[in-house]
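Since the structure comes first, as structure tokens, the remarks are kept for the end.
The values are calculated or read from the model by the stated rules, or taken from the named source; none is laboratory data. On a predicted model such as this, the values are computed, not experimentally measured, just so you know. Cβ coordinates were reconstructed from backbone atoms using ideal geometry, including for glycine residues, and neighbour counts include every protein chain displayed. Just the protein is used for accessible areas: all its heavy atoms, side chains included, with ligands, DNA and RNA removed. Shrake-Rupley method; radii C 1.70, N 1.55, O 1.52, S 1.80 Å.
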Amino acid sequence: MIGRLNHVAIAVPDLEAAAATYRQVLGANVLPPQAEPDHGVTVVFIELPNTKIELLEPLGEASPIKAFLEKNPSGGIHHVCYEVDDILAARDHLKSTGARVLGTGEPKIGAHGKPVLFLHPKDFNGTLVELEQA
Ligand code: CO
């Protein structure tokens, strides 16, 4: 069911500093920051030849990554995103296996303008999983 690894997301306390590290130290192609108020984050995408890295900084007081950064003050891997062909079929299959879909279970529009869902980390070896309809 899952296809390509779309991105690995890293929560960071300072987006500008993290973007500069990827640009200057790692020599990566770093795109401009995008505010995603619906998701409570500001995002910087880094394009790699085979996938992307998504740097996330909290946006607003109710940001879903705020607690994560309190536990991991220097930042850390927050989630991985796999592509699926049909997000509703993927959701229904996951639910039928007992896996927990976060939120209302209805896809939201993610940072790439495509529908996304998140799956409970306790069902996936302690890793928050995002699914994106490719
Ligand atoms: Co993501």
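What distance in nm lies between label points placed 7 Å from Cα along the C-beta direction at Thr104 and Thr21?
Here the answer is 3.6 nm between the modelled labels.
For the chain, what's the radius of gyration and Dmax over Cα atoms, in angstrom?
Looking at the chain, its Cα Rg and Dmax stand at 14.7, 46 Å.
On a 0 to 90 degree scale, rounded to 10, what angle separates helix 87-97 from the longest Cα axis of the chain?
60 degrees
Two decimals, Cα atoms only, Kirkwood Rh: what is Rg/Rh over region 56-134?
Taking Rh as the inverse mean 1/r over Cα pairs, Rg/Rh reads 0.98.
Roughly speaking, to the nearest percent, how much of region 5-133's 1.4 Å accessible area is carbon and sulfur?
Heavy-atom surface of region 5-133 belonging to carbon and sulfur, 1.4 Å probe: 54 percent.
Tell me the per residue accessible area of region 5-133 using a 1.4 Å probe; a whole number in Å² is fine.
54 Å²
Just report the Cα centroid separation between region 59-128 and region 1-55, whole Å.
So the two Cα centres are separated by 16 Å.
Just to verify a number: FRET efficiency for Glu61 and His93, C-beta to C-beta distance, R0 = 41 Å, to 0.05?
It comes to 0.70.
What's the extension gain from Met1 to Asp85 if we count 0.36 nm per residue and subtract their Cα-Cα distance?
My answer for the length gained is 29.4 nm.
To the nearest 10 square angstrom, what accessible area does Asp38 show with a 1.4 Å probe?
Spelled out: Asp38, probe radius 1.4 Å, area about 130 Å².
Can you flag which of Lys71/Lys114; Lys66/Lys108; Lys52/Lys95 are past 26 Å Cα-Cα?
As for pairs spanning more than 26 Å Cα to Cα, those are Lys71/Lys114; Lys52/Lys95.
What residue among Val25, Val43, Val84 has the largest mean-square fluctuation in a Gaussian network model of the chain, using Cα springs under 10 Å?
Of the options given, Val25 has the highest mean-square fluctuation.
Could you order Arg23, Arg91, Arg4 so the one with the most accessible surface comes first? Probe is 1.4 Å.
Arg4, Arg23, Arg91
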